Every structure is written in C-alpha cells, then in structure tokens.
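Worksheet: the structure to be examined is printed underneath.
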Amino acid sequence: MTTKTINANGNADEVTMADRLAVLRDKREAALASGGPEGLKRHRESGRLPVRERIDLLVDPGTWFEIGALALPELRRDKPIPGDAVVTGFGLLDGRRIGVIGIDSSVVAGTTAPISMRKQGRLIEHAQRHGFPLVLLCDADGGRMPDVSGWRFSSLPLDFTTFLKPPPGAPRIPRAAAVLGPSYGDSALHASTAHFVVMVRSGSIALSGPSVVEPAIGEKVTDTELGGPAAATEAGNVHLVVETEADALDAIAAFLSYLPQNSTQRPPLAPPLPPARDPGELETIVPLGARSGYDMRDVFACLADEASILPWGDGWGPSLLCALARIEGRPVGLIGNQPIARAGALDPAALAKERAFVELCDTFGLPLVFLQDVPGLMIGTQAERGGILHGYEAVVSAIAEATVPKIGVVLRKAYGGGHFAMGGRPTEPDFLYAWPSAELGFMAPETGIRTIHRRRLQRVLDEQGQAAHDALVAELTAEWVSESEPWEAAAHLSLDDVIEPGRTRDVVAASITIALGGLA
C-alpha cells in the first residue's frame with residue numbers, strides 16, 4: 001500500500017508502509033537510547049545500572065511489555081530526553097503480573113516533568129484498576145527546570161486521589177520501592193507510598209536534595225548525611241538496606257511473594273518447611289530473669305519456616321521487631337519486643353512502626369503473631385514530646401480494628417500499656433497464650449511496690465531501719481510477683497492457655513487455622 005505526501009519542494013512523494021515502519025523503528029531505537037553513550041557511561045561509572053537492565057533483573061525473562069516509550073517532554077531541548085526520563089510497563093514476577101515505574105537517571109538526572117508524571121500516572125492507573133502490584137525504581141534528582149517552574153508547577157498532572165493511593169472504594173494494591181540512587185522529589189514521594197522500601201547502601205532519599213537544601217536554608221549537607229541509610233532507616237523511610245541493586249530487586253520479589261495481588265485476594269501459600277531452629281530451644285533461648293537480654297530474632301527463627309523471614313524496618317524503632325514470615329507455608333506478620341534494644345520498651349518510633357506494619361498485614365490478609373516481652377511504654381519528657389500518647393492510641397486502635405487473625409504469646413513480661421500495644425486482651429486477639437515464665441500486670445514489681453507503697457516503705461525505713469525496709473520490699477515483691485504469674489490469668493480466662501515454649505509454633509499454627517475458619 002502506498003500514499004502520497006508533499007515534500008519540501010511542493011512535489012508529491014510516494015510513501016509506503018515500509019517507509020512508515022522505518023520511521024517507527026528509528027524512533028523506537030532513539031527511545032531505547034536513554035542518555036546515549038555518554039550519559040550511560042557516566043551512569044555506570046557512578047556504580048548504577050541503566051534502568052532497563054534493572055527491569056531485566058526484576059521481571060521474568062521475556063515478559064516485559066512497555067508503554068509510553070515514545071513519550072517526549074513538552075519543552076524540547078537540543079539534547080534528546082527519550083521517554084521523558086522514565087520507563088513504564090508491565091511484566092511477570094515469579095509468574096504474577098506487576099506494573100513497573102523505572103526512573104531513567106542516565107538522562108537529565110531522571111528529573112520529573114509533566115509528561116513523565118503523566119506516564120507514571122497512567123501506569124499507576126492500570127495497576128490499580130486491574131489489581132496488581134506496583135514496583136517503583138527510584139533514582140531521580142527532583143523536578144526539572146524550567147519544565148515545572150512558574151505556572152507549570154501548579155498545572156502538573158498529579159491527581160492525589162489516585163497517584164498516592166487507590167480511588168475510594170477500590171482494592172488496595174501492594175506497592176514496593178527500591179531506592180537505587182539519589183532519590184528526591186517525586187521519587188521520594190513514590191517511596192513514601194510504598195508498603196516496602198529497600199535501599200542500596202549508596203542510595204539516599206529526601207524531600208529535596210543537597211543542591212536545594214543549601215541555597216534554601218544554608219545547610220551544607222551530603223546525600224548520605226541528608227538521606228543515606230542511617231538517616232532513612234531511623235526516620236522510617238526505608239525498611240531494608242542491602243549492598244547491591246540485584247539484592248534490592250531480590251528483596252522486592254521476596255516481599256511481594258508474601259502478599260496477594262491485591263486486597264481482595266488471599267495471600268499465596270507456599271510448601272510448609274521446618275523452622276531454622278528447633279522450637280525446643282526456646283526453653284533456653286529466653287532466660288527466666290526479666291532483665292536478662294536475648295535476641296528476639298532467635299525466637300522468630302524457632303517459629304517461622306526456614307529461610308522465610310524478611311525483616312521489616314529493623315533500624316526504625318529498634319526496640320520492636322517486625323518481619324514477614326511463613327508458618328507451615330502460610331504468610332504471617334511477626335511482631336516481637338527486642339529486649340536488647342531499650343529492654344523492649346515501646347517508644348514513639350516503635351509504635352509508629354508497629355501501626356504501619358499492622359495496617360500492612362491487615363490490608364493484605366496476613367495473620368498477626370505478637371510475641372510479648374515488654375516492660376511497658378517509654379515514659380519521660382523525650383517520649384512525651386515525641387508523641388507517645390498519640391502513638392499508643394493509634395496502635396491499639398489499629399490492632400483492635402484489624403480483621404485478620406491475631407495471636408498473642410506472652411514470653412516473659414507484659415506490663416502496662418505495653419501489654420495492650422502488643423495485642424493484649426482489650427484489643428480482642430483471637431487467642432492469647434502465655435509461657436509459664438510470664439508476668440502480667442500494671443507495672444514491673446520493683447516499680448510498682450515503690451510507687452504504691454512509697455509512704456509505708458519510707459515510714460518503716462525511718463522507724464525501723466534499713467533491714468526492716470529491705471525485708472518489707474522483699475515481702476511486697478513476692479506478693480506482687482505471685483499476682484503477676486499466669487496461673488490466675490488462665491483461671492479467669494484472661495489467657496486461653498499456658499503453654500510450653502517448645503509448643504509455641506504448633507499452637508500458633510493451629511490457632512491461625514482455627515481463626516481462619518478451619519481453612520488449611
């Protein structure tokens with residue numbers, strides 16, 4: 001088939017489909033060029049992979065389906081900006097559909113402009129409308145000037161009812177982000193929407209980069225100081241830090257393997273595996289003394305299927321551990337106090353992390369397993385100024401409102417508001433158990449007797465001396481401890497049972513199955 005066009009001389013030229021295909025192929029080749037030889041060379045020299053190589057590492061071979069490749073910026077420059085510095089499309093990950101937004105920082109530092117934002121919005125719309133996960137590969141230096149300056153900024157195609165979350169009434173989809181370089185502006189915004197953010201050690205993430213911070217507020221700061229791994233994990237902006245980009249993309253694949261495609265589906269089951277450590281070791285892993293330290297990760301290893309534990313936010317609120325794992329092949333969320341960090345007490349950061357993790361698991365149907373060894377909530381001026389009251393109210397509300405199975409086990413101590421914030425009876429767990437070593441109560445014995453019996457103790461000290469005072473302390477402590485032991489709690493059905501530590505995995509697995517209505 002042929003048609004005629006008018007050339008520059010006003011004469012008619014015949015144009016064939018082969019000619020049109022040649023134009024298409026030229027444009028497609030240009031679109032795949034990214035930053036060109038020089039831009040890609042600089043990008044590789046910085047230790048980063050080109051965006052399409054990242055995508056090849058992420059998706060199953062031969063499944064990539066790109067859209068928007070021929071996009072170009074509204075404001076054209078002498079230097080080409082293929083795809084307007086972003087790659088969008090679909091692929092399979094472990095046989096399941098995902099959507100991918102990959103920032104191409106080999107050209108104009110991956111900066112954002114209206115067309116690139118429109119491309120991203122289209123991909124997000126597809127993922128949310130059709131109900132599959134969204135993966136965000138973040139590596140951008142913020143907004144592009146002059147493309148987003150002046151009136152153009154207020155006209156950006158950014159719909160906050162869809163860009164950051166699903167439309168009202170729509171299912172929730174999992175979002176996972178990899179911070180693979182300096183990630184500012186909308187890359188940081190993307191990461192803030194993600195249920196899981198993994199960062200390479202050389203990456204950084206912040207609202208604005210150092211090039212904006214210094215002229216704006218006079219603070220001279222490096223990428224690492226501003227938003228590197230230490231700063232990002234402490235702020236809760238990143239849930240896991242890894243060494244390489246391949247590690248980061250593997251972590252995203254692992255994260256998504258625990259979750260359904262969207263909130264209307266059930267989490268995927270895996271073949272059951274034995275735990276990495278013998279559950280019988282729990283009798284010795286956790287010492288009897290309430291002040292003795294141990295690593296809650298060792299407890300996780302006795303409960304979860306081997307090689308199934310994915311830490312979530314270890315550097316954020318480190319007195320509380322959260323992890324995705326499997327028990328008998330079923331994805332679960334593990335939440336446990338960490339005695340070797342602030343004795344496991346819950347501070348504002350730990351409460352914020354717990355709330356976010358509870359909401360993640362509840363959204364996507366993962367049962368919650370609470371492992372309690374908590375001395376209480378952090379108190380004092382720093383905790384109050386950090387918002388401990390609001391954090392506590394938010395987390396107990398989130399636990400109480402969660403509709404997934406909730407199983408609690410008190411290992412050693414569960415005092416005060418910390419007990420409730422770890423799935424205690426007022427938050428309506430499906431089952432609540434304790435080990436024989438458990439202590440429950442309003443506060444620890446040593447604090448309680450000195451608070452409640454302060455005047456009596458002072459009077460005995462003044463009138464009868466130190467020996468009488470110490471004897472009374474010992475007597476009151478023994479009474480307090482006796483009241484705190486799990487036997488009366490079980491007798492009054494505050495606990496469903498007192499169990500041997502070595503049976504914890506089996507009891508938790510059976511309880512989850514029952515709470516799910518007997519589904520295997």
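The values are calculated or read from the model by the stated rules, or taken from the named source; none is laboratory data. Since the model is a prediction, treat every value here as computed from it, not as a measurement. Cβ placement follows ideal geometry from the backbone for every residue including glycine, while neighbour counts extend to all protein chains displayed.
The table for this structure:
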item	result
Contacts under 7 angstrom Cβ, first residue in segment 208-223 being over 19 Å from D186 (Cα atoms), partner in a helix (DSSP H, G or I), 6 or more apart	E219/V213; K220/E214; V221/P210; V221/V213; T222/P210
Given (1) among the small types (G, A, S); (2) surrounded by 24 or more Cβ atoms within 10 Å (Cβ to Cβ); (3) more than 22 Å from S484 (Cα to Cα), index of the condition A400 fails	(2)
Selection status of G102, without any contact (Cβ under 8 Å) to a residue 40 or more places away in the chain and part of a strand (DSSP E or B)	no
Cross-chain or 6+ apart pairs with Cβ under 8 Å, segment 322-347 first and of a type in the set (K, R), then surrounded by fewer than 24 Cβ atoms within 10 Å (Cβ to Cβ) and in a strand (DSSP E or B)	R326/D305
Total residues in segment 226-255, condition under 13 Å from the mean Cα position of the chain (by Cα) and of a type in the set (A, V, I, L, M, F, W, C)	9
Test: L72 is assigned by TED's automatic domain parsing to the domain that holds S183, surrounded by 14 or more Cβ atoms within 10 Å (Cβ to Cβ), of a type in the set (A, V, I, L, M) and over 21 Å from A178 (Cα atoms)	yes
Members of segment 491-512 that are surrounded by 17 or more Cβ atoms within 10 Å (Cβ to Cβ) and part of a helix (DSSP H, G or I)	P501, T504, R505, V507, V508, A509, S511, I512
Test for R297: is it under 21 Å from the mean Cα position of the chain (by Cα), assigned to a helix (DSSP H, G or I) and under 26 Å from W435 (Cβ atoms)	yes
Residues (more than 12 Å from L180 (Cβ to Cβ), surrounded by 14 or more Cβ atoms within 10 Å (Cβ to Cβ) and among the aliphatic types (A, V, I, L, M)) located in segment 18-61	A30, A31, A33, L40, V59
Test: residue in segment 169-186 that is touching a residue at least 24 places away in the same chain (Cβ under 8 Å), exposed (fewer than 13 other Cβ atoms within 10 Å of the Cβ) and either assigned to a loop (DSSP other than H, G, I, E, B) or not assigned by TED's automatic domain parsing to the domain that holds T363 (or both)	no
Residue that is surrounded by the most Cβ atoms within 10 Å (Cβ to Cβ), among those in segment 267-321 that are of a type in the set (V, I, T) and in contact (Cβ under 8 Å) with a residue 24 or more places away in the chain	V299
Exclusive hit being part of a loop (DSSP other than H, G, I, E, B), free of Cβ contacts under 8 Å to residues at least 60 places away in the same chain and either β-branched (V, I, T) or within 15 Å of A345 (Cβ to Cβ) (or both), set V395, V404, V460	V404
Residue pairs meeting the criteria (Cβ under 9 Å; at least 6 apart or on separate chains; first touching a residue at least 60 places away in the same chain (Cβ under 8 Å), in segment 39-58; second assigned to a helix (DSSP H, G or I) and of a type in the set (K, R))	R48/R54
Test: residue in segment 426-438 that is modelled with pLDDT of 75 or more, touching a Ser or Thr at 6+ places or on another chain (Cβ under 8 Å), in the same structural domain as V358 (by TED's automatic domain parsing) and assigned to a helix (DSSP H, G or I)	no
Answer residue from segment 239-252, given it is buried (at least 18 other Cβ atoms within 10 Å of the Cβ) and among the aliphatic types (A, V, I, L, M) and is nearest to A127 (Cα to Cα) among those	I252
